[in-house]
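Written below as structure tokens is the structure these notes are about.
The values are calculated or read from the model by the stated rules, or taken from the named source; none is laboratory data. Predicted model only: the values in this text are computed from it and were never measured. Cβ: placed from backbone, ideal geometry, glycine included. Neighbour counts: every protein chain shown. Protein only, heavy atoms only, side chains kept; ligands, DNA and RNA dropped before computing areas. Shrake-Rupley method; radii C 1.70, N 1.55, O 1.52, S 1.80 Å.
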Amino acid sequence: MSRRIMVVDDSRLVRVQLEDVLKGTDYEIAAYCRSGEDAIEQYAAVQPDLVTMDIIMQGMDGLDAAEAILRSNPDARIVMVSSLAYDDTFERAKAIGAKGFVDKPFHREQLLKVFEEALS
């Protein structure tokens with residue numbers, strides 16, 4: 001049974017990269033959201049096993065969106081995927097309840113390892 005992922009990122013390139021990385025795995029992209037607001041609206045309907053969340057997006061940033069999703073869905077598993085790899089960003093993501101952090105550009109092995117850790 002495949003694990004359903006909601007990708008939240010305003011970059012189409014990231015979506016293509018994730019699709020490539022996930023080929024041949026037991027993960028599938030169940031939904032793609034281009035904004036934090038869209039992710040919050042769609043989360044309940046999609047019920048993903050895992051959310052990948054960019055930080056820098058138009059409108060609401062990914063940290064605020066993750067916080068909102070986790071407030072309503074405390075069991076949500078969110079992995080931040082961002083090029084904004086600073087200590088304070090890691091700390092805030094962890095404090096919010098994110099299950100992991102992956103730096104962009106990401107590598108297949110690194111991404112899958114963080115996904116497995118987030119789901120265990």
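Values as computed for the structure displayed
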item: Å² of accessible area per residue within the chain, as computed with a 1.4 Å probe and no ligands counted; result: 54 Å²
item: Where labels lie 7 Å past Cα in the beta-carbon direction, separation of F90 and D75 in nm; result: 3.0 nm
item: Residues D64 and D103, FRET efficiency given R0 of 25 Å [Cβ-Cβ distance, rounded to 0.05]; result: 0.80
item: Nearby aspartates and glutamates by direct alpha-carbon distance to K94 (threshold 18 angstrom, same-chain neighbours under 8 apart not counted); result: D54, D61, D64, E67, D75, D103, E116, E117
item: Whole-Hz ³J(HN,Hα) from phi, Karplus 6.51 cos²θ - 1.76 cosθ + 1.60, for the stretch 57-66, glycine and proline x; result: 9, 4, x, 5, 7, x, 5, 5, 5, 4
item: Neighbourhood net charge (12 Å Cβ-Cβ; Lys/Arg +1, Asp/Glu -1) for A95; result: -1
item: Sequence-separation-based contact order of the stretch 9-84, relative, with Cα cut under 8 Å and 6+ spacing, percent; result: 31 percent
item: Net charge, D26 excluded, C-beta distance under 12 Å - Lys, Arg +1, Asp, Glu -1; result: 0
item: Gain in span if fully extended, V46 to L13, counting 0.36 nm per residue against the direct Cα distance; result: 9.7 nm
item: Nitroxide proxy distance, nm - points 7 Å out along Cα→Cβ at L112 and D26; result: 1.2 nm
item: The chain - charge dipole about Cα centre, Lys and Arg +1 at Cβ, Asp and Glu -1, debye rounded to 20; result: 260 debye
item: Of all accessible heavy-atom area on the stretch 1-64, the percent that carbon and sulfur account for (1.4 Å); result: 48 percent
